There are 2 protein chains.
Amino acid sequence: MSLAFNLLNTTENGGRRGQMHLPHQAVETPVFMPVGTAGSVKAVPQETVEALDAQIILGNTYHLYLRPGHEAIRRMGGLHRFISWPRAMLTDSGGFQVYSLAQLRKVTDEGVRFRSHLDGSSHFFTPEHSMDVQIALGADICMAFDECTEYPADRSRVEESLRPTMAWAQRSLDHFRAHQDEVPWRDDFGGQTQKLFGIVQGGMYHDLRRESAERLVEMDFDGYAIGGLSVGEPRELTLEVISEVLPLLPKNKPRYVMGVGYPDEIELYARMGVDMMDCVLPTRAARHGLLFTSQGRVNIKNKQYSEDHGPADPECDCMVCRRYSRAYLRHLIQCGEPLSGTLNTIHNLAYYLGIMKRVRAELAADPVRR
Amino acid sequence: MSLAFNLLNTTENGGRRGQMHLPHQAVETPVFMPVGTAGSVKAVPQETVEALDAQIILGNTYHLYLRPGHEAIRRMGGLHRFISWPRAMLTDSGGFQVYSLAQLRKVTDEGVRFRSHLDGSSHFFTPEHSMDVQIALGADICMAFDECTEYPADRSRVEESLRPTMAWAQRSLDHFRAHQDEVPWRDDFGGQTQKLFGIVQGGMYHDLRRESAERLVEMDFDGYAIGGLSVGEPRELTLEVISEVLPLLPKNKPRYVMGVGYPDEIELYARMGVDMMDCVLPTRAARHGLLFTSQGRVNIKNKQYSEDHGPADPECDCMVCRRYSRAYLRHLIQCGEPLSGTLNTIHNLAYYLGIMKRVRAELAADPVRR
């Protein structure tokens, strides 16, 4: 059963208002997905993430494979049940974390051998193994196993990386199709199972991106991601690659740009026709005292806020801005109070999710161009 | 205006069911007060502390004086407004933290000179200064400035400490009476102001405890605390001192045992006629993975919980036990996730507050002996 994705509206600029019907949740797009690396959107209880109206969150295959282990999560009924999150989830393939966190990484045509960043133990990930892990975790959306190239990267380096990544995409799809019925919650959703997205790579080389996109589209995934961005390249390059790739992707399937971005970026990309985005920025920045607001960025550690009675963002009606002052938020981070990360994260997520809610409303009101 | 304390019921064993009418909240007694050291019950948002039905929380004068400073809090309308806590609060005098945290402490008849544990800066606390700080903070209940003796302590050491502590009690009371109208929220509660409690000291020496209690009762405080317990003495000694002192205190005023205790202790003391208690144990233990449950203590880090589907406490209906499994709580602490401290603390506070709720109901149902 392929993913039901209803496009409600498409604007002149290509922006799309849609609904993605996943087993655990109907997700309104464009959507921003908070990151819950190790099974927790850091510092925020699940009931609060729900109250913030997040419809889908991300889990990291690499982290959850290492701790507590995918077989343990399978035995506990899958990741939704394990962390008590009733709505939609997406897991990445582990490829990006192997690239960014693991040590002594060695890539062959077969897969990637790496050492855990936690204890140095040796592990081997293949596309088939990534699928097995992701099926055990049981997210609504799985991602094909890929290699993410660094920035900057020579053309030859990117070409050499793209060859196995495209082969791995086909192997991911074959293994996923053969085993997707093994998802732990198979019997709970009337036969619906997980969906699998392919990941367009190709570095900053437009022809390689084009080749990657075309081959993935031939394979026929449930949706398509643009990976290998937000790896240190200038913003204009990110935009160029997205602009290049989007028109190559099928209009009737969701398009996901991985790992972006700042508030103005997620708004821009959503208006261009990106349906899904995720980023650690709102949650990670929050824990370091950086708040995103309608008035720009606020470093809440600054002395200027020490007696500021006002809310983090005067135009925000989140539970933090309704109750707490900048002075209190500054005090909490100055004292190293754990509540600091919680309140800052709640505000930043509210801000990000609020942007997408506003963009969805504006896209819906735009002249239709089907 | 003295503190309105209504005794609703007194049992054969001396247990009391009462109501303490404080400016910000009518508090049902016996009551357990969660500790919010630096203006935050660590890791738990104020709305959750409210949802847990905590009626009064504690703030630490020493910490808040150092950061953000009592004058800043006064300018921001007092501690209630600063941290956005609408219910009752109590501040200690700073004496205990000077004793337990500060460096290079030097006690004279005038007061205590000490160095901050944060930056080594030098500070001098007198009874008058402690009152000024506590009036600026504006808690509903302030505590007289005292010295807390260590355990074990020679009789001569305790005698020498008790002499200034009793003089400081009178100086605290005099200064408090002269300045209590300066509380930041003076105009918001129809002329009600803060209340001041005296602290019975005297180490483990019954006659010194008796002398201390009698002198404080003569001074006529709004309530009386028993301090200098939970400093490392065996539990039987704690119980002995409480049993010795309680009958010396006026029946029509609240009695507060500071810094206790384990769940069975707070229940025992409440049944003996203690009206108020506070302790960092439920919150601090939570952050280290120790959960208090109806089945005893649970060290959630233990491997035996790694695939335990059940809640932390099968008899608990707190928001954590209703939603999350032991396996998930174990996973969070194993991964160092900040959510771990939040969820564990919520459960432990729910357990402590639940004990007191049950004890209040049982005391109310006991045969009356006025």
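Each Lys and Arg adds +1 at its Cβ and each Asp and Glu adds -1 at its Cβ; summed about the Cα centre, the range A:4-279 shows a dipole of about 380 debye. Our note on the geometry: Cα centres of the range B:245-272 and the range A:53-125, 51 Å apart.
Taking 7 Å steps out from each Cα toward its Cβ at A:Leu101 and A:Arg235 produces label points 2.8 nm apart. A loss of 20 Å² or more of accessible area (1.4 Å probe, protein heavy atoms, ligands and nucleic acids excluded) relative to the isolated chain is seen in these residues of the range A:36-81: A:Ala38, A:Ser40, A:Lys42, A:Ala43, A:Pro45, A:Gln46, A:Glu47, A:Arg67, A:Arg75, A:Met76. Between 0 and 90 degrees, the angle of helix B:263-272 with respect to the longest Cα principal axis of chain B falls at about 50 degrees.
Averaging the sequence gap over all C-alpha pairs within less than 8 Å and six or more residues apart, then dividing by the number of residues, gives the range A:1-98 a relative contact order of 24 percent. Across chain A, Cα pairs under 8 Å and at least six residues apart give a relative contact order of 19 percent.
How much length, in nm to one decimal, is gained on full extension between B:Asp207 and B:Val280, taken as 0.36 nm per residue of separation minus their Cα-Cα distance? Please list the in-between numbers first.
Details: separation 73, 0.36 × 73 = 26.28 nm, distance 2.92 nm.
That works out to 23.4 nm of additional length.
Overall, the anisotropy analysis places the range A:89-241 in the oblate class: the square-rooted eigenvalues a ≥ b ≥ c of its C-alpha gyration tensor yield a/c not less than 1.5, with a/b not exceeding b/c. Tell me the angle of helix B:338-365 to the major Cα principal axis of chain B, expressed in degrees between 0 and 90 and rounded to the nearest ten. Relative to chain B, helix B:338-365 is tipped by roughly 70 degrees. Semi-axis lengths, largest first, of the ellipsoid equivalent to the range B:224-370 are 33, 17, 11 Å, with √(5λ) applied to each eigenvalue of the Cα gyration tensor.
May I ask you to derive the FRET efficiency for A:Gln170 and B:Asp119 from their Cβ-Cβ distance with R0 = 56 Å, giving the value to the nearest 0.05?
Values: r = 61 Å, r/R0 = 1.09.
Here the calculated transfer efficiency is 0.35.
With the label put 7 angstrom out from Cα along the Cα-to-Cβ vector, A:Asn6 ends up 5.7 nm from the copy partners, going from closest to farthest.
Sorting check: for A:71-77, B:342-348, B:272-278, A:267-273, which peptide has the highest mean count of neighbouring beta carbons within 10 Å, and how do the rest follow?
Values: A:71-77: 18.0, B:342-348: 27.6, B:272-278: 23.3, A:267-273: 21.4.
Order by mean packing, descending: B:342-348, B:272-278, A:267-273, A:71-77.
Annotation for B:Lys357 and B:Asp187: the two label points, set 7 Å from Cα along the Cα-Cβ direction, are 3.9 nm apart.
Note on chain A: Lys pairs 8 or more places apart or on different chains, Cα atoms under 29 Å apart, count 11. For B:Glu50, the accessible area of its heavy atoms, probed at 1.4 Å with every protein chain present, is near 40 square angstrom.
For the range A:173-299, what class follows from the C-alpha gyration tensor (a ≥ b ≥ c being the square roots of its eigenvalues): rounded when a/c is under 1.5, otherwise prolate if a/b is larger than b/c, else oblate? Display every interim value, and only then the final one.
Details: a/c = 2.40, a/b = 1.35, b/c = 1.77.
It is oblate, given that a/c is not under 1.5 and a/b is not larger than b/c.
Among the residues of B:98-105, the average count of other protein chain beta-carbon atoms within 10 Å of the residue beta-carbon is 0.
Secondary-structure-derived ellipticity at 222 nm for chain B, considering helices only, amounts to -12000 deg cm²/dmol, per-run term -39500 (n - 2.57) for DSSP H runs with n ≥ 4.
Hey, what does the equivalent ellipsoid look like for the range B:281-363, semi-axes from the Cα gyration tensor as sqrt of 5 times each eigenvalue, largest first, whole Å?
Values: eigenvalues 96, 33, 21 Å².
After diagonalising the Cα gyration tensor, the semi-axes are 22, 13, 10 Å.
The alpha carbon convex hull volume per residue for chain B rounds to 136 Å³. Specify the angular offset, from 0 to 90 degrees and rounded to the nearest 10, of the alpha carbon long axis of helix B:127-137 from the longest principal axis of the alpha carbons in chain B. Value to nearest ten degrees: 50.
The mean count of C-beta atoms from other chains within 10 Å of the C-beta of residues in B:337-347, rounded to a whole number, is 5. Accessible surface of the range B:281-363, 1.4 Å probe: 45 percent of it comes from carbon and sulfur atoms. Mean projected area of the Cα convex hull of the protein assembly as shown, taken over all directions, amounts to 34.3 nm².
The values are calculated or read from the model by the stated rules, or taken from the named source; none is laboratory data. Everything quoted here is computed from the prediction, not taken from an experiment. With ideal geometry, Cβ positions are generated from the backbone for all residues, glycine too; neighbour counts draw on all protein chains shown. These area figures cover heavy atoms from the full protein model, side chains too; ligands, DNA and RNA do not enter into them. Shrake-Rupley method; radii C 1.70, N 1.55, O 1.52, S 1.80 Å.
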